[in-house]
Amino acid sequence: MWNIIARPTGQNDTCPPTPTSGAPSGFNMTIDLGLMRYILVAVVSNELTILHYPCYRRNTGRLTGSLRGKEYEGVALYEELDMFGTEPHP
């Protein structure tokens with residue numbers, strides 16, 4: 001079983017988010033890969049919002065991270081859910 005901790009960064013980095021906090025600029029993520037006994041540490045930046053609905057957002061951006069001392073970078077595609085459904089539609 002994996003354990004994932006994601007914390008917002010930059011603009012709108014309120015954690016936990018509130019019904020009035022906007023989209024963060026990115027996320028710091030720590031992923032414990034469980035039985036593999038590795039920790040993946042990554043930073044994701046939000047560069048483009050592809051879809052935006054009142055309760056859902058799909059973003060793309062850059063991902064940089066490290067696993068077992070090796071650095072990686074690439075493109076990130078990720079989704080956010082607004083469980084409160086309070087963010088206004090663009």
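The values are calculated or read from the model by the stated rules, or taken from the named source; none is laboratory data. Please read all numbers here as calculations on a predicted model, not as lab measurements. For neighbour counting, all protein chains shown are included, and Cβ atoms are generated from backbone atoms with ideal geometry for every residue, glycine included.
Descriptive notes on the structure:
- Where ASP82 falls short, out of the listed (1) modelled with pLDDT of 80 or more; (2) surrounded by 11 or more Cβ atoms within 10 Å (Cβ to Cβ); (3) among the charged types (D, E, K, R): (1)
- Residue list for the stretch 48-75, restricted to those being of a type in the set (Gly, Ala, Ser), assigned to a strand (DSSP E or B) and farther than 18 Å from SER25 by Cα: SER66
- Answer residue from the stretch 1-45, given it is polar (S, T, N, Q) and part of a loop (DSSP other than H, G, I, E, B) and is surrounded by the most Cβ atoms within 10 Å (Cβ to Cβ) among those: SER21
- Annotation note: of GLY69, GLY65, GLY61, the sole residue that is at pLDDT 85 or above, more than 13 Å from LEU81 (Cα to Cα) and exposed (fewer than 13 other Cβ atoms within 10 Å of the Cβ) is GLY69.
- Residues being under 21 Å from TRP2 (Cα atoms), small (Gly, Ala, Ser) and at pLDDT 85 or above - total across the stretch 27-58: 1
- Enumeration of residues in the stretch 19-49 that are over 26 Å from ARG68 (Cα atoms) and free of Cβ contacts under 8 Å to residues at least 24 places away in the same chain: SER21, PRO24, SER25, GLU47, LEU48
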